[in-house]
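The block underneath contains the structure these notes are about, expressed in structure tokens.
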Amino acid sequence: MSAAFEMPGPLCGPGNPDYQVKLFAHLFNTIAPKQAVMVRPQSGVTVQRIKGYHAHVYYDASTMEQARELCEEAARLFPVTMGRMHQKPVGPHPDWSCQLAFGPEVVGVVLPWLALYRKGLVVFMHPETGDELADHRDHAIWMGAVRPLDLSIFGG
Ligand code: ZN
């Protein structure tokens, strides 16, 4: 098990062919076994496991290309699925946004990477436990600012 691991940056990618191998070795040897994150809902009736995460990168016309580069780089570096670059508010989101979806085993590298490279963009991150209202309202992880979500679509 390797103790040292360099966080990926914008220069990591095709020019660094060892990168993906090292990243996956690191993830599966050190991070995945620790991701037994459990959520106890207030009801106490069931215990829900976090199935995955979304990171919604917010932008406007003036920051759209910056956001596209950030999302494409995330999808290149990590096992992250990039959604569409919306040019209108969609779902509960008050601003234009692009969704990054990923599994709980990589949250420990994707979250700090976004924190380092979002460069002023607002990022709204939330877990997926099966309770959409709670995930967007109570479990929200905001970077940069807290924006007002339209929670009415989840019954909020
Ligand atoms: Zn989402």
**Message:** Just to check your reading of the model, which residue among 103, 91, 155, 144 is of a type outside the set (Phe, Trp, Tyr), at positive phi and out of contact with any helix residue (DSSP H, G or I) (no Cβ under 7 Å at 6 or more places or on another chain)?
**Reply:** 144
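Would you list the helices (runs of 4 or more DSSP H) that sit entirely within region 60-156 and hold 3 or more residues that are more than 17 Å from residue 50 (Cβ to Cβ) and among the small types (Gly, Ala, Ser)? Spell out how you get there, then give the answer.
Numbers: elements: 64-77, 107-117, 132-137.
The qualifying helices (runs of 4 or more DSSP H) are 64-77.
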**Request:** Identify the residue in region 104-129 that is farther than 17 Å from residue 63 by Cβ and within 13 Å of the ligand (Cβ to nearest atom) and, among all such residues, is surrounded by the fewest Cβ atoms within 10 Å (Cβ to Cβ).
**Result:** 128
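Every number in this text was worked out from the coordinates using simple rules, so none of it is lab data. In this text, all values refer to a predicted model and were calculated from it rather than measured experimentally. Neighbour counts run over all protein chains shown; Cβ positions are idealised from the backbone, glycine included.
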